[in-house]
Amino acid sequence: MKVILNWIVAHLAALAVLLLRLTCRVRLHDDPRPALRDAGVSYVYSVLHAHQVAAAMGAERGTAAMVSQSLDGQLIVPTLQVMGVTPIRGSNRTRGQVKGGREALAGLMEHVSSGKPAYLAVDGPRGPRNRVHKGVALLSQKTGAAVVNLVAKPERRWILTKTWDRLQIPKPFCRINGYFAEPVYPIAGESLEDYRRRIEASLSGLELLHDPEEAPQPVAETNVAGDELAA
């Protein structure tokens, strides 16, 4: 019964997002993707967990996304599928072990290496908010893909203030502004941690510039034990 109920909830959520997408308008600012495509450079979207619903409104078809093996991840799979995004399962934790993360990362590498984009909610699945996990940096280093940081801000929105990520949901018939930062590229010889910090600084700065009322204070540079392979 629980499995059936979860299936119903997941597909109702997918229908709701699809209907919402039909009412919303998406406007992109400083989009670097045409230049990257012309140069033959693959890329990986890096977004905050709070912006994942708004970002899905303008999802690029053929993108692959890592999705947690948790119940939350299972619920979002139908939504991704109706938006033309391919879910790759992984990134759940059990007793400190990454469950399926390496396999999912390998799937993302194969997808990106074929010239198609990938998408990661880089501070998920459980935070801390705005702390970019190392998966996006590792994926970029392994494939040579550029990291494209994106902040998706609805002009009218609901904010789930009780959730760790302050998830944003666009209101119907609103405009969603997608703001891109300059692409971040891997540097030969750079450590994974240094690259992760560069991506984090770019993404946090982008949010602070375009959504200052929601941007938190800068995250302290501390090592979080057992950082996710990918979020």
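Of the residues making up region 150-176, those that are basic (Lys, Arg) and on the phi < 0 side of the Ramachandran plot are LYS153, ARG156, ARG157, LYS162, LYS171, ARG175.
Give the number of residues within region 144-165 that are over 20 Å from SER202 (Cα atoms), in contact (Cβ under 8 Å) with a residue 12 or more places away in the chain and not aliphatic (A, V, I, L, M). Even if it seems obvious, please write down each step before you answer.
The first filter runs over region 144-165 and keeps only residues over 20 Å from SER202 (Cα atoms), leaving 154-164.
Subsequent filtering for residues that are in contact (Cβ under 8 Å) with a residue 12 or more places away in the chain retains 154-159, 164.
Imposing the further condition that a residue be not aliphatic (A, V, I, L, M) reduces the set to 154-158, 164.
Number satisfying all stated conditions: 6.
What single numbered condition from (1) touching a residue at least 60 places away in the same chain (Cβ under 8 Å); (2) open to solvent by 30 Å² or more (accessible area, probe 1.4 Å); (3) not aliphatic (A, V, I, L, M) fails to hold for ASP38? (1) is the only condition that ASP38 fails.
Taking the conditions exactly as written (under 30 Å from LEU19 (Cβ atoms) and open to solvent by less than 30 Å² (accessible area, probe 1.4 Å)), does LEU150 satisfy them or not?
yes
Is it the case that some residue within region 85-107 is part of a loop (DSSP other than H, G, I, E, B), at pLDDT 90 or above and not aromatic (Phe, Trp, Tyr)? Let's see the steps before the verdict.
In the first step, residues of region 85-107 are kept if they are part of a loop (DSSP other than H, G, I, E, B); the result is 85, 90-91, 95-96, 100.
Filter once more, so that each one left must be at pLDDT 90 or above: 85.
So of that shortlist, the ones also not aromatic (Phe, Trp, Tyr) come out as 85.
Scanning region 85-107 turns up at least one residue that is part of a loop (DSSP other than H, G, I, E, B), at pLDDT 90 or above and not aromatic (Phe, Trp, Tyr).
Annotation: of all residues in region 41-62 being among the polar types (S, T, N, Q) and farther than 24 Å from PHE173 by Cβ, the one that is most open to solvent (accessible area, probe 1.4 Å) is SER42. Annotation note: of ILE199, ILE187, the sole residue that is modelled with pLDDT of 95 or more and outside any loop (DSSP other than H, G, I, E, B) is ILE199.
Restricting attention to region 16-31, the residues that are surrounded by fewer than 16 Cβ atoms within 10 Å (Cβ to Cβ), farther than 16 Å from TRP158 by Cβ and touching a residue at least 60 places away in the same chain (Cβ under 8 Å) add up to 7.
When region 97-136 is examined, which residues are found to be of a type in the set (A, V, I, L, M) and under 23 Å from GLY58 (Cα atoms)? Give the steps one after another, and end with the answer.
Going through region 97-136, the residues of a type in the set (A, V, I, L, M) turn out to be 98, 104-106, 108-109, 112, 118, 120-122, 132, 136.
Across region 97-136, the qualifying residues are LEU108, MET109, VAL112, ALA118, LEU120, ALA121, VAL122, VAL132, VAL136.
Being among the small types (Gly, Ala, Ser) and closer than 26 Å to GLU213 by Cα is the filter here, so list the residues in region 38-78 that pass it.
Taking region 38-78 first, the residues among the small types (Gly, Ala, Ser) are 39-40, 42, 46, 50, 54-56, 58-59, 62, 64-65, 68, 70, 73.
Correct list: SER46, ALA50, ALA54, ALA55, ALA56, GLY58, ALA59.
Of all residues in region 165-185, those satisfying the criterion of being open to solvent by 20 Å² or more (accessible area, probe 1.4 Å) and of a type in the set (A, V, I, L, M) are LEU167, ILE169.
The values are calculated or read from the model by the stated rules, or taken from the named source; none is laboratory data. Quantities reported herein were computed from a predicted structural model and do not represent experimental measurements. Methodologically, a virtual Cβ is constructed for each residue, glycine included, from the backbone with ideal geometry; neighbour enumeration extends over all protein chains shown. All accessible areas refer to the heavy atoms of the entire protein, side chains included, with ligands and DNA or RNA removed. Shrake-Rupley method; radii C 1.70, N 1.55, O 1.52, S 1.80 Å.
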